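Only one structure is covered here, and it is reproduced in the block below.
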Amino acid sequence: MAASNRGQGGIQQLLAAEQEAQRIVNAAKNEKLARLKQAKEEAEKEIAEYRAQLEYEFQKKLTESSGDSGANVKRLEQETEAKIHHLKTEAGRISGDVVTMLLKYVTSVKN
């Protein structure tokens, strides 16, 4: 009977060891899943931060280029005004000559 009790005790120990091993495996799986979830959350946070940084830089460049565009428009308007003024001055200066030339050709009679 002692051998039988000892065999039963060994089986009980084996079952207990198997249950403990299963508990350890399950705990490791749960820790792995928790770590994967944490890693995913960390990655999503980094992606969001990176995206926000890129958006900030894009908006900054857009603002800078819009400012440049405004400066270019202003510069072009000034250049255009200067050219118009120059043309008006030149037209005023030579308009007398043009009128005289036109009158000469209109009033001259060719036979």
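At 1.4 Å probe radius, can you tell me the per residue accessible area of the chain in Å²?
So the chain comes to 94 Å² accessible per residue, rounded to a whole number.
MET101 to GLU64: FRET efficiency via 1/(1 + (r/R0)^6), r the Cβ-Cβ distance, R0 41 Å, to the nearest 0.05?
It comes to 0.20.
Once the dipole of the chain is set up with Lys and Arg at +1 and Asp and Glu at -1 on Cβ about the Cα centre, which of ALA71, TYR105, ALA91 lies farthest towards its positive end?
Of the listed residues, the answer is TYR105.
I need the chymotrypsin sites (Phe, Trp or Tyr not before Pro) found in the range 9-76, filtered to DSSP loop residues with at most 14 other beta carbons within 10 Å of theirs.
none
Charges at C-beta only: +1 for Lys and Arg, -1 for Asp and Glu. How large is the resulting dipole of the chain about its Cα centre, in Debye rounded to 20?
300
Starting from the Cα of LYS29, draw a straight line to each of the lysines and keep only those under 25 Å, dropping any in the same chain fewer than 8 residues away.
List returned: LYS37, LYS40, LYS45.
Taking LYS83 as the anchor, which aspartates and glutamates have their alpha carbon closer than 18 Å to its alpha carbon, excluding any fewer than eight residues away along the same chain?
Leaving aside aspartates and glutamates fewer than 8 places away in the same chain, none come within reach of LYS83.
Based solely on its DSSP helices, what 222 nm [θ] is calculated for the chain when runs of n ≥ 4 H residues each add -39,500 (n - 2.57) and the sum is averaged over all residues, nearest 500 deg cm²/dmol?
On the way: 1 runs with 106 residues, N = 111.
It comes out at -37000 deg cm²/dmol, rounded to the nearest 500.
The values are calculated or read from the model by the stated rules, or taken from the named source; none is laboratory data. This structure is a prediction, so every number in the text was calculated from the model and none was measured. Counting neighbours? That spans all protein chains shown, and the Cβs are built from the backbone with ideal geometry, glycine included. Heavy atoms of the whole protein, side chains included, go into the accessibility calculation; ligands, DNA and RNA do not. Shrake-Rupley method; radii C 1.70, N 1.55, O 1.52, S 1.80 Å.
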